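Read the structure below first, then the notes.
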Amino acid sequence: MKLLEGIRVLDLTNVLAGPFATLHLALCGAEVIKIENPVEGDLARKLGIVNEYNKKLMGTSFLAQNANKKSLTLNMKFEEGKEIFRRMVKESDVVVENFRPGVMARLGFSYEELSKINPKIIYCAISGFGQTGPDAFKPAYDQIIQGLSGVMAINGDETLNPLRAGFPVCDTVGGVNAAFAIMGALYFREKTGKGQFIDIAMLDSIMPYMGWVAANLLIGGQQPVLMGNDNFTAAPSGTFVTKDGYINIAANKQEQWHDLCDIIGVPELKEDPRFKERDTRKKNRKELTPIIEEKLKTKDTSCWTKALNEKGIPSGEILSLESALSQEQVKHRGTLKKINTPGIGDISLFNLTAKFDKTTAEVETPPPTLGQNTEDLLKQFGYSDEDIKTYKEKGII
């Protein structure tokens with residue numbers, strides 16, 4: 001049995017935050033039906049670095065977020081399309097959408113209306129700012145939220161700031177938050193029999209991820225300090241130059257600091273009043289770093305990581321993305337899985353990264369082509385071949 005076996009999700013989402021949420025549900029075994037417009041489908045189908053795939057409406061951005069899902073095309077501007085959706089809602093568990101607030105209500109599909117059809121339905125709305133408030137109706141993309149949340153303001157150093165994260169972190173975190181909330185709502189429904197409405201805002205979702213930094217300001221009154229690759233909690237803790245590149249070292253504990261001094265050959269620093277105690281080391285890190293790097297530059301990164309890790313001092317190389325994805329630990333964990341995708345070939349996609357000892361949660365089917373499952377699904381919901389033919393002629397599917 002899979003974690004979400006028997007759960008049906010109607011996925012009306014596009015591009016990233018919503019599809020990332022429903023991807024997690026699909027990997028956990030839910031039947032996720034991606035409802036797309038009949039012309040071009042999810043915008044992500046045309047987004048990606050491989051133009052050939054974009055033309056096939058299978059862009060890399062779409063491929064990354066939509067394994068294990070089914071695709072049904074439906075134009076809900078037609079009354080017949082709306083009726084099809086109502087029938088599906090009646091026999092489903094979850095609806096997920098990431099339109100601007102009010103769009104679903106204008107179509108006649110607010111949570112209040114859908115809950116009349118199915119009182120047990122769980123409805124999750126994902127947006128930039130949430131469904132209410134002074135900014136609710138503003139447009140939002142990931143970088144806009146990165147700026148408004150404070151994320152860009154705390155990244156970088158005095159030479160490069162503000163600085164965005166190198167991937168759409170707010171979209172992704174919003175999707176994780178939505179998946180978490182839906183799982184919680186499913187548990188609540190299991191206990192009470194009641195569905196509910198979930199309001200997810202990307203702005204809300206990202207802020208708690210800055211927990212320590214925000215707490216320093218909210219509780220301690222300390223403004224964020226731009227430290228680049230240094231870790232504000234300890235010293236030496238950050239990125240350092242070696243003979244052949246860079247190394248991350250996190251000597252956060254006093255005993256780790258002592259061991260580091262011995263390993264790199266500067267035992268005298270343990271008693272140096274500038275560096276003896278944790279807080280003074282932090283204040284004097286600009287003096288400490290050059291001393292450490294002078295020693296680190298005598299050997300390759302791999303030599304230092306081996307010596308430091310063996311002594312219990314966390315350290316690691318700074319890998320390229322390609323090297324990171326192909327490292328042995330990632331292979332061992334089964335983080336990625338190859339899946340054959342018709343018209344494209346074998347592609348590597350991320351599995352669910354949580355490991356369960358009694359259930360599987362992994363990529364089993366490739367992302368669907370646009371409308372790939374439309375006919376089968378409509379028949380499953382009781383529509384005849386003649387119905388399907390009529391809907392095609394009208395452009396409803």
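Any read-out appearing in this document is the output of simple, stated calculations on the displayed coordinates, not a laboratory observation. Computed from a predicted model, the values in this text were never measured in an experiment. Neighbour counts are summed over all protein chains in view; Cβ atoms, including those assigned to glycine, are modelled from backbone coordinates with ideal geometry.
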The stretch 261-267 - phi-based ³J(HN,Hα) in whole Hz, Karplus 6.51/-1.76/1.60, Gly and Pro as x:
4, 5, 5, 8, x, 10, x
Amide H contacts under 5 Å for Ile7, placed H, 5+ residues apart:
Glu31
Per the rule of 0.36 nm per residue minus the C-alpha distance, extending Tyr209 to Thr132 adds in nm 25.5 nm
Taking amide H positions as placed 1.01 Å from N in the peptide plane, with prolines and chain starts having none, which residues 5 or more places from Asn252, or on another chain, fall under 5 Å of its amide H?
none
Between Asn229 and Lys338, what FRET efficiency follows from the Cβ-Cβ distance if R0 is 41 Å, with the result rounded to 0.05?
0.75
Starting at the first residue of the stretch 40-45, write each ³J(HN,Hα) from the Karplus equation 6.51 cos²θ - 1.76 cosθ + 1.60 with θ = phi - 60°, in whole Hz, x for Gly and Pro.
10, x, 3, 3, 4, 4
Can you list residues from other chains, or at least 5 along the same chain, whose modelled amide H is less than 5 Å from the amide H of Gly128?
Met202
So what is the relative contact order for the chain, in percent, with contacts set as C-alpha pairs under 8 Å and at least six apart?
19 percent
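Going through the cross-link list Lys82/Lys138; Lys138/Lys194; Lys243/Lys295; Lys90/Lys194, which pairs have a Cα-Cα distance over 21 Å in this structure? Before the final figure, lay out the partial values.
Working: Lys82/Lys138 27 Å; Lys138/Lys194 32 Å; Lys243/Lys295 9 Å; Lys90/Lys194 14 Å.
From the list (Lys82/Lys138; Lys138/Lys194; Lys243/Lys295; Lys90/Lys194), the Cα-Cα distance tops 21 Å for Lys82/Lys138; Lys138/Lys194.
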Once phi is turned into θ = phi - 60°, what whole-Hz ³J(HN,Hα) does the Karplus curve with 6.51, -1.76 and 1.60 give for every residue of the stretch 334-347, x standing for Gly and Pro?
x, 5, 10, 9, 7, 9, 6, 10, x, x, 10, x, 6, 10
Give the separation of the Cα centroids, the stretch 140-190 to the stretch 260-316, in Å.
34 Å
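Using 1/(1 + (r/R0)^6) with R0 = 22 angstrom and r between the beta carbons of Gln222 and Thr280, what's the FRET efficiency to the nearest 0.05?
The value I calculate is 0.80.
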What ranking of Ser326, Ser315 emerges when the number of other C-beta atoms within 10 Å of each C-beta is taken as an exposure proxy, fewest first?
Ser326, Ser315
